[in-house]
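Report on one structure; see the data block that follows.
Taken together, the values in this text are just the output of simple stated rules run on the coordinates, not laboratory data. In this text the structure is predicted, and so the values were computed from the model without any measurement. We place every Cβ from the backbone using ideal geometry, glycine too, and count neighbours over all the protein chains shown.
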Amino acid sequence: MWVLGGLAVLVVIVLTVAATLFVTRSGSDPTVSLTPDASGTPHASSAVASRGDRDAADVIHEDPTCAPWEPIARTLSEQQKNGWDRRDPGVPRPSWSPQQHEMYSAVAAAMRSAADQTVPLAKITPHRVMRELYEQSIAYWRAYVDSLDTYAPESDLLALVANSTSSAIVWICAAITYGSADARGPLVAPGSPPLSLARSEDVANPEVFLRERAGVCTEWSSTIQDFNKATDQWAEALDPNVPASQWTDRQHELAASTATIFLNNANEVQNLGAISQNPVLNDFATLAAQYQRAYAQALPSYTPADDYLNSTAAELVVAVEQACLSAKE
């Protein structure tokens, strides 16, 4: 469990840092808007803007929800610094101290608030996969909170899924803001539309996308392990803040060989999504594959903003991995 706990801390840090990267964008969907209700809480109309999106998941170039998402993600990240970000997830509820009870209670309230504030964004995004990322963040935040009454170490997996889906949104928006989506997205060929779509009737009360372990979960895990081993050298050699113009000859050679690994892994991930017979898993797999392909295409002329493409793909893959682990056998 120490690995999972470490990942949770990492994602909290990522959200804290990445939240500072956002800028308010002037573009918006003229057909929908956020307006406060009587309590002052923003809400949207009951229409779901992405309901007509039946295209293949692809690199996202613009989304009106990035600006309102930033304060939600940032606020939750800050609230998780009450000790929850340094928690030992292996401690079951009966062993919690009074301080731990208070800590978990505060984070539960923060997650419920973040989930409620995210509902309008799920409604107004024009992109189906962005809606699914919002929905799964909502669903897994709430599932984690519900698990706290009888918390056991495996319950932490629910929080890790939500952390990965919400972090994927952070990186998608960062890639939009800093131009890597526009610069690299057109280099990737569009895919084929999915054969089936997830239902979107009740966006305010979404269900987790993996209640029972999918047949592809074992192969998904082994694919991740193989990819991590194959890219160990690249991870050690690359400082993501250094552009390709400053790389050594050895780094350029390594980038060329690593690009092939990324492209092959993208194909494998997308194929697993296609055979999963789970529309949300398929969309996450396809989106991860497209962002990974965009990153591979970027490597010959890499800039630091391109790392947001890789981070998006990584969080999507981890989200599925954690969801597999959290699902019933």
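Counting other beta carbons within 10 Å of each Cβ, put Val119, Val170 in order, fewest first.
Ordered from fewest to most neighbouring Cβ atoms within 10 Å, Val119, Val170 come out as Val119, Val170.
For a quick check: sort Ile172, Ile275 by the number of other beta carbons within 10 angstrom, fewest at the front.
Fewest-to-most ranking of Ile172, Ile275: Ile275, Ile172.
Given a 10 angstrom Cα cut-off, can you work out which residue in Ser311, Ser180, Ser113 is the most mobile in a GNM of the chain?
Ser113
Under a point spin-label approximation (7 Å from Cα along Cα-to-Cβ), what is the Ser221-Trp96 distance to one decimal in nm?
Distance between the two pseudo-spin positions: 2.7 nm.
In the chain, which whole DSSP H runs stretch at least 24 Å along their own axis (Cα) and average 1.0 or higher on the Kyte-Doolittle scale?
The answer, listed by residue number, is 2-19, 156-177.
Could you work out, for region 109-244, what percent of all Cα-Cα pairs fall into each 10 Å distance bin, beginning at 0 Å and stopping at the bin that holds the largest distance?
Values per bin, smallest distances first: 10, 29, 36, 22, 3, 0.
Determine the calculated [θ] at 222 nm for the chain from helices alone, applying -39500 (n - 2.57) to every DSSP H run no shorter than 4 residues and normalising by the residue count; nearest 500 deg cm²/dmol.
-20000 deg cm²/dmol
Which value in nm describes the separation of the simple spin-label points at Asp88 and Asp55, placed 7 Å from the Cα toward the beta carbon?
Output for this residue pair reads 5.0 nm.
With 10 angstrom as the radius, rank Val269, Val91 by how many other C-beta atoms surround their C-beta, starting from the fewest.
Taking fewest neighbouring Cβ atoms as first place, the list is Val91, Val269.
Among rounded, prolate and oblate, which fits region 184-324 when a ≥ b ≥ c are the square roots of the eigenvalues of its C-alpha gyration tensor, a/c under 1.5 means rounded, and a/b larger than b/c means prolate?
Taking the square roots of the gyration eigenvalues as a ≥ b ≥ c, region 184-324 is prolate.
Computed FRET efficiency, Cβ-Cβ of Ser301 and Ala47, R0 41 Å: what is it to the nearest 0.05?
0.50
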